[in-house]
Amino acid sequence: MLQILVAIGCLLLFVGLYAGLMQLSIDVSRIDTKSSATHRDTVYVGIHLGLLAAATIGGFVVGKWLNGLGLAYAALFAAVLASTMVLAQLSSHALACSGHNDILRHWVC
């Protein structure tokens, strides 16, 4: 039971970090600002790859600490976070096109 609670807690932490970082970077995604497309892409690659790397390393450490299954936890954390990132982006785009923009980023529909 401890393993499940720790894994869920850590995954919620990484998902919360992702949502928070995306919220902080909304101004970068606006087209009418001075940031270029290259800068915007660099920021998003940094957020996504950085968090995926952190989740993979964190999953390995947690897995080794809990029961010695570091690689399994690393794969679990990376897969869950990557799936959540895709789902969050698709959902925020769908919501933006129905009038609820600036949830995770500024979309142009």
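The values are calculated or read from the model by the stated rules, or taken from the named source; none is laboratory data. Everything quoted here is computed from the prediction, not taken from an experiment. Here Cβ is always computed from backbone atoms with ideal geometry, including for glycine, and neighbour counts include all displayed protein chains. Quick note on the areas: whole protein, heavy atoms, side chains included, nothing else; ligands and nucleic acids left out. Shrake-Rupley method; radii C 1.70, N 1.55, O 1.52, S 1.80 Å.
For the reader, a short list of remarks on this structure follows.
- Surface share of carbon and sulfur [accessible, 1.4 angstrom probe, percent] for the chain: 74
- Size of charge dipole - the chain - debye, nearest 20, with Cβ of Lys, Arg +1 and Asp, Glu -1, no other charges: 120
- Stretchable slack from Leu95 to Val61, in nm (0.36 nm times residue separation minus alpha-carbon distance): 8.6 nm
- Calculated [θ] (222 nm, deg cm²/dmol) that DSSP helices of n ≥ 4 give over the chain, each run adding -39,500 (n - 2.57): -26500 deg cm²/dmol
- Distance cut-off 22 Å, percentage of C-alpha pairs in the chain lying past it: 39
- Calculated FRET efficiency for the pair Ala37/Leu17, C-beta based, R₀ 25 Å, to 0.05: 0.50
- Sorted largest first by accessible area at a 1.4 angstrom probe radius, with every protein chain in place, the residues Ile103, Ile57 fall in the order Ile57, Ile103.
- For the chain: accessible area per residue (Å², 1.4 Å): 59
- When only Cα pairs below 8 angstrom with a gap of at least 6 residues are kept, the chain shows a relative contact order of 29 percent.
- Theoretical FRET efficiency, 1/(1+(r/R0)^6), r = Cβ-Cβ of Gln3 and Leu87, R0 30 Å, to 0.05: 0.75
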